[in-house]
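The values are calculated or read from the model by the stated rules, or taken from the named source; none is laboratory data. All values reported here derive from a predicted model rather than from experimental measurement. Reconstructed Cβ throughout: ideal geometry from the backbone, glycine too, with neighbour counts over all protein chains shown. The accessibility values were calculated without ligands, DNA or RNA, using every heavy atom of the protein model including side chains. Shrake-Rupley method; radii C 1.70, N 1.55, O 1.52, S 1.80 Å.
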Amino acid sequence: NDKNLEDDEMEATAQIRGLAQILDLLEKGLSGKSFSDNDMDSALDQFLFGDSLILSRNNKMGIIMLRPNFTVDDFLRFREIEVLEKRADEIAAGFGVKAGFTGFLVVGKDEMVTSEQGLGASMAAAFILVILLMVLVFRMKSVPLIAGVPLFLGIFWTGGVTGFIVPRLNIMTAMYMVALIGLGIDYAIHILATYIQFRDQGLDFKPAIVKAYSTSGPGIITGGLTTAAAFLALMFARTSMVSELGLVAGLGILCEMAAMIMLIPPLLAVRHHRLIKKGK
């Protein structure tokens, strides 16, 4: 294949130029002349990777190879690609040419923009539907406050705790925050269901809370710990994206469970106090 042979010849020529630079540096060293580390790095890059600028045969298109200092897993640094693209367009316009970016990081940036556009809407939709369903089932107008505050606080805790361990979010861990709404609300359902059950049996507020926690508490804690352990097992995966997902998911379950257990009783107490003041 003549075309492939020409490509191979171009690669070989680039390597030979790199080899010539290495031999030139060796000659300088043997003759007592000095050279910098940058000269050696440049010669090695030329030999190992070829030309940094690759031109088409008609000299109408060129490709410059850029090696960034972050990977596709660094979700939050994808914004830097937008800055590079804007700067490249400005420079290209000055020379009367067009510039564009390609590669895995650019694809990752496009996916990040798309996911961000849908992340807020999907999270809001999930929260509204979950709370609406709980209002219909428990017939309590204060459910959005009693269940919603711990739910969102658990998500904030998850972001804070994982931020100390994993200083970045990837696409999978960012989208998991939506799933955390559905998983975290389960704990509120168990607590509220048993509380209302004992209240309907005639127990006062405090005895009903104590009875509800003694009844459903062990099951909630056991279920939360086992679910978190299952997610945390993903940390042993070799793929960093999956490993980080396991960490965020496992800690998210624990944070949601802790928020629900700690905050639902005082929020129910506020509701109980307001009902007493209204004479109900």
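Residue-wise HN-Hα couplings along region 86-92, as the Karplus relation 6.51 cos²θ - 1.76 cosθ + 1.60 with θ = phi - 60° gives them from phi, are 5, 5, 5, 5, 5, 5, 5 Hz; Gly and Pro carry x.
Sorted by accessible area with a 1.4 angstrom probe, largest first, how do 85, 111, 27 fall? Let's see the in-between values first.
Numbers: 85 40, 111 100, 27 120 Å².
Most to least solvent-accessible, the answer reads 27, 111, 85.
Taking a straight Cα-Cα cut-off under 30 Å and skipping sequence neighbours fewer than 8 places away in the same chain, the lysines within cross-link reach of residue 280 are 141, 206, 211.
If you take the beta carbon distance between residue 9 and residue 114 as r and set R0 to 35 Å, what does 1/(1 + (r/R0)^6) give as a FRET efficiency, to the nearest 0.05? Walk me through the numbers on the way to the answer.
On the way: r = 41 Å, r/R0 = 1.18.
So the FRET efficiency works out to roughly 0.25.
Could you work out the relative contact order of the chain, using alpha carbon pairs under 8 angstrom and six or more residues apart, expressed as a whole percent? Present the calculation step by step, with values, prior to reporting the outcome.
On the way: 242 pairs, mean separation 46.4, N = 280.
Normalised by residue count, the contact order of the chain is 17 percent.
Computed 3J(HN,Hα) for region 218-223, one whole-Hz value per residue from the Karplus formula 6.51 cos²θ - 1.76 cosθ + 1.60 where θ = phi - 60°, is x, x, 4, 5, 5, x, glycine and proline marked x.
Within the shell defined by Cβ-Cβ distances under 14 Å, the residues around residue 192 carry a net charge of +3, with Lys and Arg each +1 and Asp and Glu each -1.
State to the nearest 20 debye the size of the charge dipole of region 54-182 about its Cα centre, where the only charges are +1 on K and R beta carbons and -1 on D and E beta carbons.
Values: 12 positive and 10 negative charges, 14 e Å.
With Lys and Arg at +1 and Asp and Glu at -1, about 60 debye.
Using a probe radius of 1.4 angstrom, the carbon and sulfur fraction of the accessible surface of region 85-147 is 68%.
Which whole-number value in Å² is the accessible area per residue of the chain, probe 1.4 Å? Write out the running numbers ahead of the final one.
Details: 17650 Å² over 280 residues.
Ligands and nucleic acids excluded, the result is 63 Å² per residue.
Among 127, 156, the sequence by solvent-accessible area, most first, with a 1.4 Å probe is 156, 127. Rolling a 1.4 Å probe over the protein heavy atoms leaves residue 102 with an accessible area of roughly 130 Å². The label-point distance for residue 226 and residue 67, in a model that sets each label 7 Å from Cα toward Cβ, rounds to 5.0 nm.
Label zone of residue 95 (point 7 Å out along Cα→Cβ, amide N under 18 Å): in region 36-78 this covers 51-67. In order along region 253-267, the phi-based Karplus estimate (6.51 cos²θ - 1.76 cosθ + 1.60, θ = phi - 60°) of 3J(HN,Hα) comes to 4, 5, 5, 5, 4, 5, 5, 5, 5, 7, 9, 5, x, x, 5 Hz; Gly and Pro are listed as x. For residue 54 and residue 34, the difference between the fully extended length at 0.36 nm per residue and the C-alpha to C-alpha distance is 4.2 nm. When peptides 92-101, 258-267, 137-146 are sorted by average Cβ neighbour count within 10 Å, with the highest value leading, the order is 258-267, 137-146, 92-101.
In vacuum, with every alpha carbon of the chain counted as one equal point scatterer, what does the Debye formula give for log10 I(q)/I(0) at q = 0.07, 0.08 Å⁻¹? Two decimals, please. Ignoring solvent entirely, the Cα scatterers give -0.49, -0.58. Along the axis of the charge dipole computed for the chain (Cβ charges of +1 for Lys and Arg, -1 for Asp and Glu, origin at the Cα centre), the listed residues 272, 192, 131 are led at the positive end by 272.
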